[in-house]
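Report on the structure given below.
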Amino acid sequence: MVNWWQGDPILKAMDVATVYPEDYGAVCAAFGAAQAYLEGAEADGFPAHMCGYARNCLGYTARMIELGEIPPEAPMGGMPQPSLLLASGALCDARYKWFQALGRYLDAPLWVLELPHPGVKEGLMEGAGEGNIYFIAQQLREFISFLEKLLGRRMDWGRLDETVDSTMEMNRWWHRANELRRARPCPMHSRDFWSSMPASLYMANDPGETAGLYRQMYDEIKSRVDNKIGALKAPERYRLAFLELPPWHSLDFFNQLAERGWNFVIESWAYHPPRPLDLDRVSDPLERLARYSYHWLTGYYPKANQAEEWWGYFAYPYLEYVRDYQCDGVVLHPLLSCRTATNHLMMVRDRLMKKLKVPSLVIEGDIVDLKLFDPARALSQAEAFEETMDHYKKLRKEAGLGW
Amino acid sequence: MAQDRGMDRAKAIYQDRSQRAGELKAQGKQVIGYLCAYPVLEMMTALDLVPFRILGDMTEPISRADACLPTVVCPFIRSALDLALKDRYQFLDGVVMAHSCDVAEKTAHIWHSYLRPPYFHFIDTPHTTGDSAVKQHKRLLKDFQKTLEQLAGRQLSQERLKEAVKAHNQQRALVRELYGLRKPDPPLISGVESLEVMVSLMSLPVDEGSRLLKQVITEVRQRNSGPPKKPARLLIWGSIIDNSSLIQMIEGLSANLVMDDTCVGSRFYWPDVAATEDPLDGLAHRYLVALKCPRTFRQADPNKASKDYQADLEYRFGYLMEYAKEWRVNGVILQSLRYCDIHGYEVPQVKDYLNSLGLPAIYLEYDYSQAALAPLRTRVQAFLEIIGQGNF
Ligand code: SF4
Ligand code: SF4
């Protein structure tokens, strides 16, 4: 399960291969295979309003256990039976409750990593940040002791040190590549972002190799910027942000919007790597990891505090994104089955309008459940929203907001 | 009736929760609202601040909250926020929230942003229960102490905190005593009355609440107008119930609700705070480890190389068996508010456990509205028939 670079480098350094069921949920959705698994989970008593990834995984696992093998219809070869479940308390409840519920089907041990989520003011209290970082590092140490027992081998600390460094190197290039998207026209569309970000977020590959890949991407995007090549075939008429999780089963929707000149230039905060952080002087790799993940979540807090914005992650960063990437509008995608990616959307819409005069379009849907997303209806709103974006562009100019 | 003064008072407070808070404020007290079961009450009490539980109102349609909290989240929390946006919590001098669940955590920031209470503190309660998490929790409580001291304008001494621990433990003991009066058949007090008492306790300073409880306990022991005997003795488990209509619907059928595992009920009051040299140790442990809400991750043996599901269920839900035995329960209602992930994931697992005990259970999901209760009634009725026939 995604753990925002807390546990993955540790697993890598101990030669544990990782499979991410939320990523697989998106795969099942894209292949049209999710529906049967969702129904399976429901038949087992899991309420239908819960996370689509989780229900897909629970339904899939129930079927795998029933068959005694990977279900033949499973897309891309399916997911194997795990020997360890690594859950995380970061961002949502599903991400530990779901793995706990897998105990109904699997006898794999389960470990939960913690990531503190202080409020802005509380996180900035004297000693709070250091205390939280100490707690994360301590938890990672406990996780390593558990892994050593489970696997019957010791951690190679030198290797962990290198893995942590290459993880950060990987994300540094990925961050730089995304910074280039501020250019007009924007050289990379969210669709390309979504297909590239799994390498950073789901660390299934070697982070050193991924760093090389992201570096190549950086070079390619840079040359597009230098040559003023945009991501769209059509001229870039509108620059947009997309919040939060996309409808993986209906990505063609974005191509249709692209034909209208809608360029999605920035997206979900939680999919983006942390802004670079200088950790050269921190010799303990676990402390580096702890500082890094904590910085990902709380790195915006000082500025949020100055702006008197009390939701410092997931809400405040969009004020910066929309301003820095000069967005004309924002598409909000509330999910019936994911509180975490939905809770903040109304507040963000309100803040963007009040502070930056940027309008939002709300399109309800789901990440996995096809039934909940209606692309035709969403597209029918595009024209009216263009008028709204034009209107607010004028108002921003009048207010001296700069784009 | 003069002899029911305590019960009547509890009912009156249940019906108008803010009235006493207003009187206390007029006497110069500061009233602090808190959401869910995780803000540490003893620390407020010790500084002479009055903790006041923030609840929703099922009878009030949600209108204002739509603008800042989407419809796909816990309707209880949306209702609570809606009331605040309609100034129904205007009397609060401050608000404390905790990371009880994802939505509560996020709502804390929304509440802070939109309502801007004069004092606000968020406790980022950890999810796990190991030693490092308990230490982290204690550190967070120290930060909470700092901001509370600033609000109260004085230092919190260990002695005062220990006294507050005692006072709250005493109230918990009284609640357990009151719940004990539901063990006889028929129970001496109904589920509806019990909920009214719980809600009233959460609206009063601890000592005043305990005095009320004593009075209620005495009255209940003496009265001869308790609930009638009925074939089903039920336990209700699940997400928050702060309005008696669901229970009223169940008790209107052939069932007595004799025990609960919900957070305006036994879950909130059951565990005591251990007397520790530094009271923050006892508090950090009680609120993180001893309080048994599914929002906290616990498992039988975290260090084992494989999982024994049944052992895990015993570890997590074993207390339900004790409840079932002591309160002679013959059926369980599992209920969850729609969009409550914490309880939603738990349901099939609690069902597995109850199955292993041979206890019949039914799952109800509802959306915190009176309208939702009518269809549920039919389902509960069918369930009670099954219990009546012993067909499980
Ligand atoms: S953030 Fe949402 S989609 Fe992701 S795991 Fe949690 S509930 Fe599921
Ligand atoms: S009912 Fe569920 S979602 Fe609502 S506050 Fe309680 S745990 Fe959270």
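The values are calculated or read from the model by the stated rules, or taken from the named source; none is laboratory data. Just so we're clear, the structure is a prediction, and the values are computed from it rather than from any experiment. Here the Cβ positions follow ideal geometry from the backbone for every residue, glycine too, while neighbour counts run over all protein chains shown. Please note that ligands, DNA and RNA were not included when accessible areas were found on the heavy atoms of the full protein model with its side chains. Shrake-Rupley method; radii C 1.70, N 1.55, O 1.52, S 1.80 Å.
Charging the Cβ of each Asp and Glu at -1 and of each Lys and Arg at +1, and nothing else, the dipole of the protein assembly as shown about its Cα centre rounds to 1540 debye. Of the chymotrypsin sites (Phe, Trp or Tyr not before Pro) in the stretch B:295-378, not one is in a loop by DSSP (not H, G, I, E or B) with at most 10 other beta carbons within 10 Å.
In a fully extended conformation the segment linking A:Glu130 and A:Leu379 would gain 84.9 nm over its present Cα-Cα distance, using 0.36 nm per residue.
Peptide B:140-149 is shielded by partner chain Cβ atoms: per residue, an average of 3 of them sit within 10 Å of its Cβ.
Could you tell me the calculated FRET efficiency between A:Gln256 and A:Ala36, based on Cβ-Cβ distance and R0 = 35 angstrom, to the nearest 0.05? Once rounded, the FRET efficiency stands at 0.80.
Say the cut-off is 31 Å between C-alpha atoms; which of B:Lys11/B:Lys166; B:Lys25/B:Lys142; A:Lys121/B:Lys86; B:Lys11/B:Lys183; B:Lys25/B:Lys135; A:Lys12/B:Lys142 go over it? Beyond 31 Å between Cα atoms: B:Lys25/B:Lys135; A:Lys12/B:Lys142. Values of log10 I(q)/I(0) for chain B across q = 0.11 Å⁻¹ run -0.80, by the Debye formula with one identical scatterer at each alpha carbon and no solvent. Mean projected area of the Cα convex hull of the stretch A:340-403, taken over all directions, amounts to 5.2 nm².
With a Förster radius of 51 Å applied to the C-beta separation of A:Leu401 and B:Arg176, the computed FRET efficiency comes to 0.25.
Could you report chain B's accessible area per residue, 1.4 Å probe, as an integer in Å²? Write down the numbers at each step before the final one.
Details: 13890 Å² over 392 residues.
Averaged over the residues of chain B, the accessible area is 35 Å².
If the only charges are +1 at each Lys and Arg Cβ and -1 at each Asp and Glu Cβ, what is the size of the charge dipole of the stretch A:327-399 around the Cα centre, to the nearest 20 debye? It comes to approximately 480 debye.
Remind me, relative contact order of the stretch A:1-155 in percent, using alpha carbon pairs under 8 angstrom and six or more residues apart? Working shown, then result.
Working: 155 pairs, mean separation 31.9, N = 155.
About 21 percent, as a whole number.
Of the residues B:Lys183, B:Lys325, ranked by 1.4 Å probe accessible area with the largest first, the sequence reads B:Lys325, B:Lys183.
How large is the direction-averaged shadow of the alpha-carbon convex hull of chain A, in nm²?
Working: hull surface 79.1 nm².
Over every viewing direction, the Cα hull of chain A projects on average to 19.8 nm².
Counting other Cβ atoms within 10 Å, keep those with at most 12, restrict to DSSP loop, and tell me which chymotrypsin sites (Phe, Trp or Tyr not before Pro) in the stretch A:118-226 are left. Answer by residue number: there is no such site. Of all lysines in the structure, those lying under 22 Å Cα to Cα from A:Lys393, and not within fewer than 8 positions of it along the same chain, are A:Lys354, A:Lys355, A:Lys357. Largest GNM mean-square fluctuation among B:Asn355, B:Asn330, B:Asn303, using chain B with Cα springs under 10 Å: B:Asn303. Accessible surface buried at the B:A interface totals approximately 5200 Å², computed with a 1.4 Å probe on protein heavy atoms. Taking 19 Å as the cut-off, the amide N atoms of the stretch A:238-258 that come nearer than this to a point 7 Å along the Cα-to-beta-carbon line of A:Glu387 belong to A:238.
Spacing of the modelled spin labels on B:Ala290 and B:Leu357, each 7 Å from Cα toward Cβ, amounts to 2.2 nm.
Given a Förster distance of 60 Å, report the FRET efficiency between B:Gln158 and B:Gln310 from their Cβ-Cβ distance, rounded to the nearest 0.05.
0.90
Modelled this way, with points 7 Å down the Cα-to-C-beta line, the labels at B:Asp301 and A:Ala43 are 3.5 nm from one another. Comparing A:Ala54, A:Ala270, A:Ala17 in a Gaussian network model of chain A where C-alpha atoms under 10 Å apart are linked, the largest mean-square fluctuation is found at A:Ala17.
Per the Debye formula on identical point scatterers at the alpha carbon atoms of the stretch B:11-156, with no solvent, log10 I(q)/I(0) at q = 0.09, 0.13, 0.22 Å⁻¹ is -0.28, -0.59, -1.45.
Taking a ≥ b ≥ c as the square roots of the eigenvalues of the Cα gyration tensor, an a/c ratio of 1.5 or more together with a/b no larger than b/c marks the stretch B:160-212 as oblate.
Rounded to the nearest percent, how much of the accessible area of the protein assembly as shown (1.4 Å probe, protein heavy atoms only) is carbon and sulfur?
Details: 14230 of 28760 Å².
Of the solvent-accessible surface of the protein assembly as shown, carbon and sulfur hold 49 percent.
What are the semi-axes of the equivalent ellipsoid of the protein assembly as shown, taken as the square roots of 5 times the eigenvalues of the Cα gyration tensor, listed largest first and rounded to whole Å?
On the way: eigenvalues 392, 176, 151 Å².
Semi-axes, largest first: 44, 30, 27 Å.
Report, in whole Å, the centroid distance computed from the Cα atoms of the stretch B:223-296 and the stretch A:30-107. One Cα centre to the other: 32 Å.
Within the stretch A:196-241, list the trypsin sites (Lys or Arg not before Pro) lying in a DSSP loop whose Cβ has at most 13 other Cβ atoms in a 10 Å radius.
Numbers: sites: A:Arg215, A:Lys222, A:Arg224, A:Lys228, A:Lys233, A:Arg237, A:Arg239; in loops: A:Lys228, A:Lys233, A:Arg237.
For trypsin sites (Lys or Arg not before Pro) across the stretch A:196-241 that sit outside H, G, I, E and B with at most 13 neighbouring Cβ atoms in 10 Å, the list reads A:Lys228, A:Lys233.
Keeping every protein chain in place, order B:His121, A:His391, A:His249 by accessible area at 1.4 Å, biggest value first, i.e. largest first.
Details: B:His121 5, A:His391 90, A:His249 35 Å².
From most accessible down to least: A:His391, A:His249, B:His121.
Taken along the Cα-to-beta-carbon direction at a fixed 7 Å, the label points for B:Gln19 and B:Ser63 span 2.5 nm.
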